[in-house]
Structures are given as structure tokens and as C-alpha cells.
Amino acid sequence: MAMHQWAREHRPREKLLESGADMLSDAELIAVLLRTGNRGQSALDLAQQLLQAHGGLGGLARTTPTNLLAQTGLGPGKVSQWLACLELGKRTLKAELLKRDLLCASEAASQYIISRLRNEPRELFLALYVDQANHLISDAILSEGTVNQTAVYPRELVKKALEVDATGVIVAHNHPAGTLKPSLDDIELTHRLIQALNAVEIRLLDHFIVAGHLAISLRKTTRLFDACEAAS
């Protein structure tokens, strides 16, 4: 049965408008984007099939446009809508940071960082550059690694910070394997970055580690920042 023949309270679009987006399942939200399914298959059926085939919402978000286009029932229009939706989510979170003190709004900063890194299959190193009021100036992926490591060079971080006239930097990287525990290499890297930035009178404000939908702040969970800043 086509979705337009369903009872009104069961149709995803009507349910969204009447009850709010947070009342819909992942499959129902995707069905709203898809609008239509295949012959003999509703948009909700197609959405559930996509989630199952890609291991859930995170896996679907990581899937390349080429792989999506190979899926029966997904043409350029639907794939474009899906990619645009993902990007709008990231941009909305970023827009909320532009006029906020990222140290005071650390939860908002961590949510944006999670949105950038949570679905990545390889380690990425992200830097957020802020001004004197800790407002976001720009952000950039500085390096890409394998499934479990990435090469980060302090001089690249410093160079970019000077180019955008930043007075502070927040860095983050993801652990695709899923552990939030910082490694000895993570601790050592943080120490090196603090020293490199201090040499040009720029502060490292925090280092986040992302695993899935979670993130931890090394400033909050270690004494590394206090020790390094006291010695500077």
C-alpha cells in the first residue's frame, strides 16, 4: 500500500508536521526526504532498506554518492537531497558557534566537532581557529590518516593560525575504532601543540577526541593544559 493510503497519523510527513521531527524514527525522517519509493515499495520501506544495508544512520551518512546512486530507487535527485540535508546539519551547528565563546559554549563546540568527525572511517585532524573573544574564525581538516593514526605537524597548525590571525585554537581528532580514551601519542601531541602555539603567543584551548556520537575534552579530563600553561 502506498503511503498516501495510510492512516494520517502513520504518514511520516503528516506525523512530522503535527508532532515534531523528534517523534519520527530515522527511517521515517529519511522517508520524508525520499518522498517516494520503488514499484511495490513505499518510501518508508526504501528508507528501512537503506539503513539496514549500510548499518544504520552513521553508515548511511558515510556512504559515497557513487554507492548511493547504485542503490535501486535512488536517483540523482534523491541523493542530492540527502547530501544537502547532511551538509545543512553541519552548517547549522557551525553557524551557532560564530558569535559564541567556544570555551563557555564547549558543549556546542563539541557537538559541531562530532558532526564533522563521527562518520569518518579514517582518523582526521580538525582545527578550529578563534579570535580574542573565542569566536570561531574558520576551521580546517589539517591531516587525514589511516584507520588508526594520523600525522599532525605543529608547524602546519601554527602556520594556519597566523594566516587567519587567530589568538586561540581548538583541535580534535576521531578514533574510528570507537575508544574515547586518549593514547600516550594523543597526550604527547597535545603537549607539542601547546608548546608550538605558545611560542607565537597563541593558546591551545582544548583537544577533543571523538568516537561515534561521543567526544571528550582533554582540558576537562586531564591536567595536561594546566601543567603546560603553568610552565609557559
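Just so you know, all these numbers are worked out from the coordinates, no wet-lab data involved. What you are looking at is a predicted structure, and each value in this text was computed from that prediction instead of being measured. Every residue, glycine as well, gets a Cβ built from its backbone with ideal geometry; the counts of neighbours run over all protein chains shown.
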(request) Could you pull out every one of the aspartates and glutamates with an alpha carbon less than 16 Å from that of residue 159, ignoring same-chain neighbours closer than 8 positions? (result) 131, 139, 201
(message) I need the Kirkwood Rh of the chain: take the reciprocal of the average 1/r across all distinct C-alpha pairs and report it in angstrom.
(response) 19.7 Å
(request) Would you please give the FRET efficiency between residue 35 and residue 96, computed as 1/(1 + (r/R0)^6) with r the Cβ-Cβ distance and R0 = 25 Å, to the nearest 0.05? (result) 0.30
(message) Please report the spacing between the Cα centers of region 182-216 and region 15-86 in Å, no decimals.
(response) 36 Å
(request) Give the percent of DSSP beta bridges with both residues in the chain that are antiparallel, rounded to the nearest 5. (result) 70 percent
